[in-house]
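The values are calculated or read from the model by the stated rules, or taken from the named source; none is laboratory data. Since we're looking at a predicted model, the values are computed, not measured. Note that we place each Cβ from the backbone using ideal geometry, even for glycine, and neighbour counts take in every protein chain shown. Surface accessibility is based on the protein's heavy atoms, side chains included, excluding ligands, DNA and RNA. Shrake-Rupley method; radii C 1.70, N 1.55, O 1.52, S 1.80 Å.
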Amino acid sequence: MAPSASFGPDLRLLFVTRAARMASYGFLSVVLVLYLAGLGFSQARIGLLLTLTLVGDTLISLWITLHADRLGRKRMLVVGAALMVGAGLPFALSGDFTVLVLAATLGVISPSGHEVGPFLALEQAALSQVLPGERRTGVFAWYHLTGSFATALGALAGGWTAQVLQGHGLAPVSSYRVLVVAYAAVGLILAALFLRLSPAVEAPPATGAPAPRWGLHGSKGVVLRLSALFALDAFAGGFVIQSLVAYWFHVRFGVAPGALGSIFFAANLLAGLSSLYAVKLAGRIGLIRTMVVTHIPSNVLLILVPLMPNLPLAVAMLLLRFSISQMDVPTRQAYTMAVVAPDERSAAAGITGIARTTGAALSPVLAGAMLALPALASLPFFLAGGLKILYDLLLYRSFKASEIGGAERPEDR
């Protein structure tokens, strides 16, 4: 069921900010590596820059999410939007590697087409604050669907905008720069939207006891175990972030920007629809089992992508993979929110999110070095698929005894 208007303007506003942000991530991810290559950077330097981007996002997001419940979720969301502007403008205005490293490290920019920065953790906590527990998995699925559709449309718009601009005589680098400027503009729009959130999204007031240092009390053990596993999954995913996969298709098959946009439009569309299937499946077999039984086949398909002899078959494997690859996302989010107390949600979402960003930050620099060598250009797909399957097996082994049904209230546990 779609989120109801009865949940109020905050929920609708958070869906709008999710859509705007993910659209900007989508159009940037298709052209970012092409833009950096056009500026003259080597694959190794590009990989290093992407890694530093994610490292900076990790450190900044960790501080923001650990302090958000005390300083205000709304205020910290506005700060995150300002950091998008702080990254986008230097990328658009400078071709100096040092400047871009500083902007990437201190600002918020997404090379993957997926969430970076503090937004997801704070929006999850805010959504959980204004939702009844039994509706959480369903609304998280629609929230994820909204992001996937927006990413898909952003990828389509970004790829074809660049190609149309080039068709009208604009140099490739200049066409990509237009999209980087648009990314910074979205940051300004988000800041204005976040300012409209009501006090209802904030954490409940403290009950007298001093807040724990890391924002966690009884759930610290389970959150740290989940974080370690999520970091492994994200480390694997960092080998195949969307901008690197787009670059791989461009080099391997000569795919133009417009066609790349179309490929990732379809991929993200399928990924978004898969999150809806996850809700029914989780209600039948539980959240943990849903994560595992859908994730393993998707990673087998990921391994098959570079083994295909031509573009149509490679795209087919990629699209099949995306059609089931994201079914673990709303279930993972709902499980994390269900096993912690309400006053731990920002911290739990933040710590698990930071673990994912940290894991993802380590692998692009390795993937960039592999892409520079034709003999190793397909290795990132194999590493990503294999490590993700290992994550699935470890997750099931660790948490099968604490399974939660997809519609169960956390207060019933």
**Request:** Would you be able to tell me the number of residues in segment 329-356 that are surrounded by 24 or more Cβ atoms within 10 Å (Cβ to Cβ), more than 13 Å from the chain's Cα centre (by Cα) and β-branched (Val, Ile, Thr)?
**Result:** 4
**Asked** Taking interchain pairs and intrachain pairs at least six residues apart, which have beta carbon atoms under 6 angstrom, with the first residue in segment 242-268 and closer than 18 Å to ILE303 by Cβ and the second outside any helix (DSSP H, G or I)?
**Response** GLN242/SER112; GLN242/GLY113; PHE249/VAL255
**Request:** Return a yes/no flag: does segment 66-73 have any residue that is open to solvent by less than 10 Å² (accessible area, probe 1.4 Å) and either in contact with a strand residue (DSSP E or B) (Cβ under 8 Å, 6 or more places away or on another chain) or outside any loop (DSSP other than H, G, I, E, B) (or both).
**Result:** yes
**Message:** So, restricting to helices (runs of 4 or more DSSP H) that lie completely within segment 273-341, which ones have at least 2 residues that are aromatic (Phe, Trp, Tyr) and in contact (Cβ under 8 Å) with a residue 24 or more places away in the chain?
**Reply:** none
**Request:** Starting from residues that are loosely packed, with under 13 Cβ neighbours inside 10 Å and part of a helix (DSSP H, G or I), keep the ones in segment 177-199 and report whichever is modelled with the lowest pLDDT.
**Result:** PRO199
**Matching residues in segment 160-174 - criterion: being buried (at least 18 other Cβ atoms within 10 Å of the Cβ) and either on the phi > 0 side of the Ramachandran plot or without any contact (Cβ under 8 Å) to a residue 24 or more places away in the chain (or both)** = LEU165
**Asked** Hey, does segment 248-263 have a residue that's open to solvent by 30 Å² or more (accessible area, probe 1.4 Å) and either at pLDDT below 90 or part of a loop (DSSP other than H, G, I, E, B) (or both)?
**Response** yes
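Being of a type in the set (Ser, Thr, Tyr) and either crowded, with 23+ Cβ neighbours inside 10 Å or not in a helix (DSSP H, G or I) (or both) is the filter; apply it to segment 357-379 and report the residue that is nearest to the chain's Cα centre (by Cα). Explain how you work it out, then say what you get.
Narrowing segment 357-379 to residues of a type in the set (Ser, Thr, Tyr): 357-358, 363, 378.
If we keep only those that are either crowded, with 23+ Cβ neighbours inside 10 Å or not in a helix (DSSP H, G or I) (or both) as well, we get 357, 363, 378.
Details: THR357: 9, SER363: 15, SER378: 23 Å.
The extreme case among them is THR357.
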**Asked** Can we say VAL329 is in contact with a Pro (Cβ under 8 Å, 6 or more places away or on another chain), at pLDDT below 85 and of a type in the set (Val, Ile, Thr)?
**Response** no
**Item:** Residue list for segment 35-57, restricted to those being surrounded by fewer than 21 Cβ atoms within 10 Å (Cβ to Cβ) and assigned to a helix (DSSP H, G or I)
**Value:** ALA37, GLY38, ALA44, ARG45, LEU48, LEU52, VAL55
